[in-house]
């Protein structure tokens, strides 16, 4: 009878160990799923911001082109009426600055933190903020770094997520 009890006790201990292993495996899979979810959300936001930035840049350049053509025409006409040496050159000089692309467009960063990793993740449209605040992109980035934020490119963020997922799956992230 004692041998049978011991045998059942061994079976219970083996099952307990197996269930514990299964629970840890499921917890790791859950962490991976949360990381995938964060990556997908950030990816969508980055794509939306990049699309918006492309549209804003096109609209800006279209406005500059229309204004530049009008300015070119007026300056060329005035130069021709004044019998200037080269009216077309005068018109070109008049609109050169208008057609120069000096506004920032397209820079997107991902902010992680401050604090625990991935507790606060935000996609930052750096160029858009720089245009709105009439400052440089480096001013926006410097301000965020001064707030203790960690800024990375979207591509670097996605690489971080993939590496972290690998660590979670293999158990190298320090979790049981």
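Annotations
- Centre-to-centre, using Cα atoms only, region 110-166 and region 1-77 are separated by 15 Å.
- With contacts taken as Cα pairs under 8 Å at a separation of at least 6 residues, region 54-133 carries a relative contact order of 24 percent.
- Listed residues 97, 107, 128, most fluctuating in the chain (Gaussian network, C-alpha, under 10 Å): 97
- Most fluctuating residue given options 153, 100, 54, as computed from a GNM of the chain linking Cα atoms under 10 Å: 100
- Gaussian network model of the chain, springs between alpha carbon atoms under 10 Å - residue of 48, 36, 21 with greatest fluctuation: 21
- Calculated mean residue ellipticity, 222 nm, the chain: -26000 deg cm²/dmol, from DSSP H runs (n ≥ 4) at -39500 (n - 2.57) each, averaged per residue and rounded to 500.
- Percentage, to the nearest whole number, of Cα pairs in the chain over 25 Å apart: 60 percent
- Normalised contact order of region 27-170, rounded percent, pairs of Cα under 8 Å and 6 or more residues apart: 26 percent
- Approximating the spin labels as points 7 Å out from Cα along Cα→Cβ, the residue 48-to-residue 155 distance works out to 2.4 nm.
- Label positions at residue 163 and residue 82, each projected 7 Å from the Cα along the C-beta direction, are separated by 6.1 nm.
None of the figures in this text is laboratory data; all of them are computed from the coordinates on show. All figures in this text were calculated on a predicted structure; none of them were measured in a lab. Backbone-built Cβ (ideal geometry, glycine too); neighbour counts: all protein chains shown.
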